[in-house]
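Here's the structure, in structure tokens; my notes come after.
No value in this document is a laboratory result; all are computed from the given coordinates. Remember, predicted model here, so these are calculated numbers, not experimental data. Virtual Cβ from ideal backbone geometry, glycine too; neighbours counted across all protein chains shown.
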Amino acid sequence: MKLLLVVAVALVDVDGRVLIAKRPEGKQLGGLWEFPGGKVDPGERPERALIRELEEELGIAVEEACLAPLTFASFPYPDFHLLMPLYICRRWTGFVTAREHQALKWVRPRELRAYPMPPADAPLIPALIDLLGG
């Protein structure tokens, strides 16, 4: 089975809320909410991939020193096995803008379970609640 490495981030605002993004309808897992991020290209380090994805998807600039690894998800989908490190980021430059997603939403960690998410994203929620509280 193919191993797919993707990287995700929990952007945390000054009020302790986490950014989630709604996948566009028509794409795989369309309509579900996810943590921003994306695929790691061959030869690319996860942190560099995340910096690239955040600029492409949200129009923000993130310094590598502002990315702190928190936890990871390992999930078997029918066609591949997903490995997804989740980073925390509290500092960035620019304004968060939905460039590729249908919608963006800032959510308290304890409210994340109210949003339908891909199966690999949901197990990441407890680590965010432990770190950030409500």
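Taking one equal scatterer on every alpha-carbon of region 66-113, how large is log10 of I(q)/I(0) by Debye at q = 0.14, 0.17, 0.27, 0.28 1/Å?
After summing over all Cα pairs, the log10 values are -0.59, -0.85, -1.11, -1.09.
Arrange the following residues from fewest to most other Cβ atoms within 10 Å of their Cβ: Phe75, Phe35.
Listed from fewest to most nearby Cβ atoms, that is Phe75, Phe35.
Can you put Trp33, Trp106 in order of Cβ neighbours within 10 angstrom, beginning with the fewest?
Result, fewest neighbours first: Trp106, Trp33.
May I ask you to sort Arg23, Arg48 by Cβ crowding, counting other Cβ atoms within 10 Å and putting the fewest first?
Lowest to highest Cβ neighbour count: Arg48, Arg23.
Could you state the number of Å between the C-alpha centres of region 1-71 and region 74-134?
First find each Cα centre; the distance between them is then 8 Å.
Taking Cα pairs under 8 Å and at least six residues apart, what relative contact order does region 13-126 come out at, in percent?
Relative CO of region 13-126 lands at 33 percent.
Using only the alpha-carbon atoms, what does the chain span along each of its principal axes? Please give whole angstrom values in decreasing order.
Its Cα atoms span 41, 33, 29 Å along the three principal axes.
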